[in-house]
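A.B. asks: My questions will all concern the structure given below.
The values are calculated or read from the model by the stated rules, or taken from the named source; none is laboratory data. Only a predicted model underlies this, so the values are computations on that prediction, with no experimental measurement involved. Neighbour counts are summed over all protein chains in view; Cβ atoms, including those assigned to glycine, are modelled from backbone coordinates with ideal geometry.
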Amino acid sequence: MAEVTAALVKELRERTGAGMMDCKKALVSCEGDMDKAIDFLREKGLAAAAKKAGRIAAEGMVDAFVAEDGVGVLIEVNCETDFVANTDRFKNLCRDFAKHVAACNPASVEEMLAQPFYADSSKTVNDMIGEATASIGEKISVRRFERYVPATVADTYVHMGGRIGVMIDISAPEVTDEVKTMSHDLVMHIAAANPQFVRRSEVPTDNLDKEREVLTQQALNEGKPAKIVERMVEGRIEKYYKEVCLLEQPFVKDPDMSVEKMLNGKCDVVRFARFERGEGLEKRHDDLAADIAAEQAKMKK
């Protein structure tokens, strides 16, 4: 059983919008399991749909790059502090790594680290990270990347100085100005709306089964007659599709139409990637006052 700390309660509140006492009760009932506590609150009608992104914790940045040959790259590189993340040295390093992925097509981060750097084969990418870590004084790591050879065109968007990055693969009969405008609207929409899939056929059966289970229990807890619960659940599943599927989401620039209607058959979305810096990672919490007090205590001994 995980300890139910104030930080855990706060995280659950941020992820669900439920009250602090309800969050604490849910975590205690679920023995500190965050995912089970989210489902517990949803079943009680006390929470919105579970947010899958996880806690944004680590520093660094997400960068995006499209090479001259059209290959697109989305990459996340982490460091320890926002001070380092905001330096030109770190930003240039991230761009160099994105260019390397575009040029050398590694299959994984591990393979990338072992490759000779595309612009200087006398050193590996891992050597570059070691040099940067030594000179900057912080641990630097490449966390993940996506590389697209697009069907027609790859477009990218980086929001808030590297907090969120999006890359999309668009298929179209030809690359017109209208298609370019649509693709850029799409990457900004994805950054804002955070879809999980392109279309409903991509939603895994396990996701739907879990959603139906939660929604069924939620409806029963609301006191709805069992004979109409199934119909209610299917209606709510339709709403779920509109929340998680890109083509069915209300278009952020005109919520009266869906993304699919906005595209109007002029292009199609093959795939997309959306990285949010540090999602799911633990952040180092520095407490300067506590550190100073600890040092003073040592000196008095």
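A.B. asks: Just need a number here: residues in the stretch 165-191 that are under 18 Å from residue 73 (Cα atoms) and either modelled with pLDDT under 95 or not β-branched (Val, Ile, Thr) (or both).
C.D. replies: 10
A.B. asks: Return a yes/no flag: does the stretch 273-280 have any residue that is surrounded by fewer than 15 Cβ atoms within 10 Å (Cβ to Cβ) and not in a strand (DSSP E or B).
C.D. replies: To start, the set of residues in the stretch 273-280 that are surrounded by fewer than 15 Cβ atoms within 10 Å (Cβ to Cβ) comprises 280.
From what is left, the residues that are not in a strand (DSSP E or B) are 280.
Checked against the condition, which is being surrounded by fewer than 15 Cβ atoms within 10 Å (Cβ to Cβ) and not in a strand (DSSP E or B), the stretch 273-280 yields at least one hit.
A.B. asks: Could we say that residue 151 is in contact with a His (Cβ under 8 Å, 6 or more places away or on another chain) and aliphatic (A, V, I, L, M) here?
C.D. replies: Numbers: in contact with a His (Cβ under 8 Å, 6 or more places away or on another chain): no; aliphatic (A, V, I, L, M): yes.
Against the criterion (in contact with a His (Cβ under 8 Å, 6 or more places away or on another chain) and aliphatic (A, V, I, L, M)), residue 151 does not qualify.
A.B. asks: Right, something else. Can you tell me which of (1) modelled with pLDDT of 95 or more; (2) not in a strand (DSSP E or B); (3) not basic (Lys, Arg) is the one residue 270 doesn't meet?
C.D. replies: (2)
A.B. asks: For the subset of the stretch 72-95 comprising residues that are within 13 Å of residue 145 (Cα to Cα) and not small (Gly, Ala, Ser), which member is farthest from the chain's Cα centre (by Cα)?
C.D. replies: 95
A.B. asks: Determine the pairs where a residue that is farther than 27 Å from residue 270 by Cβ, located within the stretch 201-225, has a partner that is assigned to a loop (DSSP other than H, G, I, E, B) with Cβ atoms under 8 Å apart, the partner being 6 or more residues away or on another chain.
C.D. replies: The qualifying pairs are 218/44; 218/45; 221/44; 221/45; 222/45.
A.B. asks: Now, a different point. Looking at (1) in contact with a helix residue (DSSP H, G or I) (Cβ under 8 Å, 6 or more places away or on another chain); (2) part of a strand (DSSP E or B), which is the only condition residue 138 fails?
C.D. replies: Only one criterion in (1) in contact with a helix residue (DSSP H, G or I) (Cβ under 8 Å, 6 or more places away or on another chain); (2) part of a strand (DSSP E or B) is unmet by residue 138, namely (2).
A.B. asks: Let me ask you something else. Since residue 240 meets every condition but one in (1) within 20 Å of the chain's Cα centre (by Cα); (2) under 30 Å from residue 75 (Cβ atoms), which condition does it not meet?
C.D. replies: (2)
A.B. asks: Helices (runs of 4 or more DSSP H) wholly in the stretch 1-120 with at least 2 residues that are modelled with pLDDT of 85 or more and farther than 28 Å from residue 203 by Cβ - which ones?
C.D. replies: Where helices (runs of 4 or more DSSP H) fall fully within the stretch 1-120 and carry at least 2 residues being modelled with pLDDT of 85 or more and farther than 28 Å from residue 203 by Cβ, they are 6-16, 20-29, 82-85, 88-104, 109-114.
A.B. asks: Can you pull out every residue in the stretch 56-70 that is surrounded by fewer than 18 Cβ atoms within 10 Å (Cβ to Cβ) and out of contact with any Lys or Arg (no Cβ under 6 Å at 6 or more places or on another chain)?
C.D. replies: Kept after step one, since they are surrounded by fewer than 18 Cβ atoms within 10 Å (Cβ to Cβ), are these residues of the stretch 56-70: 56-57, 67-70.
Within the stretch 56-70, 56, 67, 68, 69, 70 qualify.
A.B. asks: What do you reckon, is residue 169 of a type outside the set (A, V, I, L, M, F, W, C), touching a helix residue (DSSP H, G or I) at 6+ places or on another chain (Cβ under 7 Å) and surrounded by 21 or more Cβ atoms within 10 Å (Cβ to Cβ)?
C.D. replies: Taking the combined requirement at face value, the residue does not satisfy it.
A.B. asks: Restricting to the stretch 145-163, what's the tally of residues that are over 15 Å from residue 65 (Cβ atoms) and in contact (Cβ under 8 Å) with a residue 24 or more places away in the chain?
C.D. replies: 5
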